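One structure is given below, encoded as structure tokens.
The values are calculated or read from the model by the stated rules, or taken from the named source; none is laboratory data. From a predicted model like this one, the values you see are computed outputs, not experimental measurements. Neighbour counts run over all protein chains shown; Cβ positions are idealised from the backbone, glycine included.
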Amino acid sequence: MNPMTTAPLLQPLADEQIRFFREQGYILLKKGMSPDLIDAFNGHIYDIRSQEPVPEWAGCDPNKKFALRLFNPHKHDSFSRQVMKLPVVRGALAQLMGREAVCVQSMYFYKEPGSPGQASHQDYYYIKNDPMTMIAAWTAMEDRVDEENGCLWVIPGTHKLGLLPHGAVKNLEEHESWTEETEGADTSRQIPVPMEKGDILFFSELLIHSSNKNRSKDRWRRSYVCHYIREDSSVLHREDLRQKYPLY
Ligand SMILES: O=C(O)CCC(=O)C(=O)O
């Protein structure tokens with residue numbers, strides 16, 4: 001017997017779930033990340049912005065240290081990279097893409113009470129990649145992520161529409177002004193995706209999705225969102241996202 005073996009990839013998704021993703025453009029993996037790991041990661045991210053001075057890469061408005069988001073922590077911080085490489089995420093992505101994924105972007109959202117959400121959009125509009133293989137993994141970092149504190153909303157099946165035009169955000173009370181909004185989408189078909197701590201939502205780069213304002217009094221809506229492409233894809237337009245991070 002050969003005592004050496006390469007660790008096999010996890011295969012957390014059943015065939016039926018992979019079919020659901022192909023049909024609807026998303027799939028929710030319940031309890032994908034352990035609450036202990038999330039608590040440690042939330043604390044670690046808090047510590048990064050609590051440093052004096054805040055490291056340059058994590059820079060922010062000094063009066064709003066825990067607002068909006070931390071952009072691309074995986075490029076600078078090994079804990080963020082480890083969470084980006086979670087074996088269950090790596091395995092699910094390989095199942096959905098047909099071969100291994102690499103990471104190109106990460107975002108840690110604070111979404112503090114009272115803060116606006118992000119208007120309907122398709123991620124491909126912001127990150128053009130060829131061939132089109134990008135999938136996001138959006139992890140809930142709070143006990144409850146729901147309509148009150150600004151959960152994600154998706155329009156099932158819209159990943160089959162191709163890229164739609166995007167224009168100015170229409171409702172600035174609800175949504176951040178610095179983003180753009182899909183035009184011509186039938187938002188009456190959108191559904192909320194309530195999540196619990198550690199649930200991971202995988203969704204296609206063409207799926208129309210959004211989030212609303214955090215209307216809770218005191219519940220944050222932290223999330224860690226990483227974007228992955230198939231290892232043989234290349235990011236074409238965004239120079240800042242060209243570096244591919246393997247998941248092993
Ligand atoms: O978390 C949110 O509110 C929006 C995130 C999002 O739309 C994205 O990562 O593409």
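Remarks
- Qualifying residue in region 160-174 (condition: modelled with pLDDT of 95 or more, assigned to a strand (DSSP E or B) and basic (Lys, Arg)): no
- In region 94-101, the condition of being within 13 Å of the chain's Cα centre (by Cα) and within 23 Å of Lys244 (Cβ to Cβ) is met by no residue.
- Yes/no for Phe41 being part of a helix (DSSP H, G or I), free of Cβ contacts under 8 Å to residues at least 12 places away in the same chain and either in contact with a Gly (Cβ under 9 Å, 6 or more places away or on another chain) or among the hydrophobic types (A, V, I, L, M, F, W, C) (or both): no
- Looking across region 206-248 at every residue that is loosely packed, with under 13 Cβ neighbours inside 10 Å and in a loop (DSSP other than H, G, I, E, B), the one that is modelled with the lowest pLDDT is identified as Leu236.
- Subset of region 94-145 [farther than 24 Å from Trp178 by Cα and of a type in the set (D, E, K, R)]: Arg99, Glu100, Asp130, Glu142, Asp143, Arg144
- Test: residue in region 178-185 that is within 9 Å of the ligand (Cβ to nearest atom), modelled with pLDDT under 95 and part of a loop (DSSP other than H, G, I, E, B): yes
- Enumerated strands (runs of 3 or more DSSP E) restricted to region 49-158, each holding at least 1 residues that are at negative phi, more than 16 Å from the ligand (Cβ to nearest atom) and not polar (S, T, N, Q): 101-109
- Close pairs (7 angstrom Cβ cut-off, 6 or more residues apart or separate chains): in contact (Cβ under 8 Å) with a residue 24 or more places away in the chain in region 108-132, part of a helix (DSSP H, G or I) anywhere: Tyr108/Ile45; Tyr108/Pro73; Ser120/Thr187; Ile127/Leu241; Met132/Tyr124
- Residue count for region 50-68 satisfying the condition of being within 28 Å of Pro87 (Cβ to Cβ) and crowded, with 16+ Cβ neighbours inside 10 Å: 1.
- The number of residues in region 199-237 that are within 19 Å of Glu180 (Cβ to Cβ), more than 13 Å from the chain's Cα centre (by Cα), within 14 Å of the ligand (Cβ to nearest atom) and not β-branched (Val, Ile, Thr) comes to 3.
- Among the candidates Pro35, Pro55, Pro12, the residue that is of a type outside the set (Asp, Glu) and free of Cβ contacts under 8 Å to residues at least 24 places away in the same chain is uniquely Pro55.
- Residue among Ile200, Ile155 that is among the hydrophobic types (A, V, I, L, M, F, W, C), crowded, with 17+ Cβ neighbours inside 10 Å and in contact (Cβ under 8 Å) with a residue 60 or more places away in the chain: Ile200
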